[in-house]
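What follows is a single structure, written as structure tokens, with notes after it.
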Amino acid sequence: MIGEFTFYAPTKILFGPNCVKQNKNLFTGLGKKAYIITYTIPGKHYALDDVKEILDEAGIEYMIDTAIEENPSMETVERAAAVGKANKVDFMIGIGGGSPIDAAKAIGVLIREPSKSAADLFTDGSLKCLPLIAIPTTAGTGAEVAHWAVLTRNDIHTKQAISPRIFPDYALVDAGYLMKMPVRLTRATALDALCHNIESYVSTASSYLSRALCEISFQLFAECTEAMTNDNYTFEIREKQMLISVIGGLVNTQTGSCLPHGMSYPLTHHKKIPHGLACALLIKEYLAIFKNREKIDRIMALTGFSDLDKFGRFIDGLLQLDVQVTAEELEAYATDFASQQHRFKRHPEPAGKAEVLQIYRNSLLKYNR
């Protein structure tokens, strides 16, 4: 039975080689002064160079902010928004991974809503953003098609999604921008995208359509595992990884995430484990707590693994982590997580602190050996 569902994904996706330059008309229709949110990288920043060329050719003014840290903070977006307001920018361009694109969403809201502070981002879901173009240069978060934006809250020592749901107007998705991506970042983002799709697939909020898209992503992932093991990334592999990420953003927007994403936040905040790796670190032990194995077995079959243990060994081989965590720290993480009951609402089976602590312990204590 298909059942009832709603699937809302208003971002227009333009996917393919050179799609940025081939759609330069999109930039001229959004405003007169752009605010580009991105990051600095060693060597040539191909996506930024393409955008600058388009804006220069069209005579559109622009500002560039490259001071966006990984897991951007409230303080960063508030600073950047003040600069944008002072310079009267009227549309946003986010270039990069989830951090610059999420930051562009939050900054665009604060510029459009000048009376609001960064704290209001977490309480007022009615706030709107300036027009936004998202150009991903990693293949992990799916932020270019998702309505989430996650910021670091140093006041409460965690990460949190803002309340407004901000869809970019356009997502320009060119796998060519991935070709120079370092191996470690490639692994981290690919595993993040896989986790988005797995968590969406098992979620109580999943639908016939969202699960069908997840299954496409699992099949694509199976076609990438050999390349990920050997670090041999052709354009065709990068393109598949990019589509897995886009699908992850689409389905995660419909379903939300399950336990691993929320559980990963203290690992990123306190242990500085990159977001994608922190999620992947937990995913095998999360799947191990399921009593109903139907969906888990389906995920394993489609991703090309005969069982969960082999899947776990594949993930461990990619992580290459050096992390030390105490049993007391894990107890504190589990206690804090379990106090937030909304974290469990999309998990399809009964779960509480005991299950969370089991996942943390089985995933992390082995690194203390």
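The values are calculated or read from the model by the stated rules, or taken from the named source; none is laboratory data. Computed from a predicted model, the values in this text were never measured in an experiment. We place every Cβ from the backbone using ideal geometry, glycine too, and count neighbours over all the protein chains shown.
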Here are some residues: Ile36, Ile60, Ile54. Which one is out of contact with any strand residue (DSSP E or B) (no Cβ under 9 Å at 6 or more places or on another chain) and either surrounded by 12 or more Cβ atoms within 10 Å (Cβ to Cβ) or outside the structural domain of Leu172 (by the TED database) (or both)? Ile54
List pairs: first residue in the range 99-123 and under 10 Å from Ala143 (Cβ atoms), second residue among the acidic types (Asp, Glu) anywhere in the structure, Cβ distance under 8 angstrom, at least six positions apart or on different chains. Ser99/Glu69; Ser99/Glu70; Ile101/Glu144
Within the group Lys88, Lys44, which residue is among the charged types (D, E, K, R) and modelled with pLDDT of 95 or more? Lys88
Looking at the range 112-153 only, could you name the residues that are surrounded by fewer than 17 Cβ atoms within 10 Å (Cβ to Cβ), of a type outside the set (D, E, K, R) and either under 18 Å from Asp90 (Cα atoms) or not assigned by the TED database to the domain that holds Ile54 (or both)? Pro114, Ser115
Can we say Thr158 is within 15 Å of the chain's Cα centre (by Cα) and in contact (Cβ under 8 Å) with a residue 12 or more places away in the chain? no
May I ask you to verify whether Asp322 is among the charged types (D, E, K, R) and part of a loop (DSSP other than H, G, I, E, B)? yes
Read through the list (1) loosely packed, with under 12 Cβ neighbours inside 10 Å; (2) assigned to a loop (DSSP other than H, G, I, E, B); (3) at pLDDT below 95, then give the number of the only condition that Lys366 fails. (2)
In this structure, is Glu4 touching a Ser or Thr at 6+ places or on another chain (Cβ under 9 Å), assigned by the TED database to the domain that holds His147 and assigned to a loop (DSSP other than H, G, I, E, B)? no
Would you check which residues across the range 287-319 are aromatic (Phe, Trp, Tyr) and either under 21 Å from Glu349 (Cα atoms) or loosely packed, with under 15 Cβ neighbours inside 10 Å (or both) and list them? Phe290
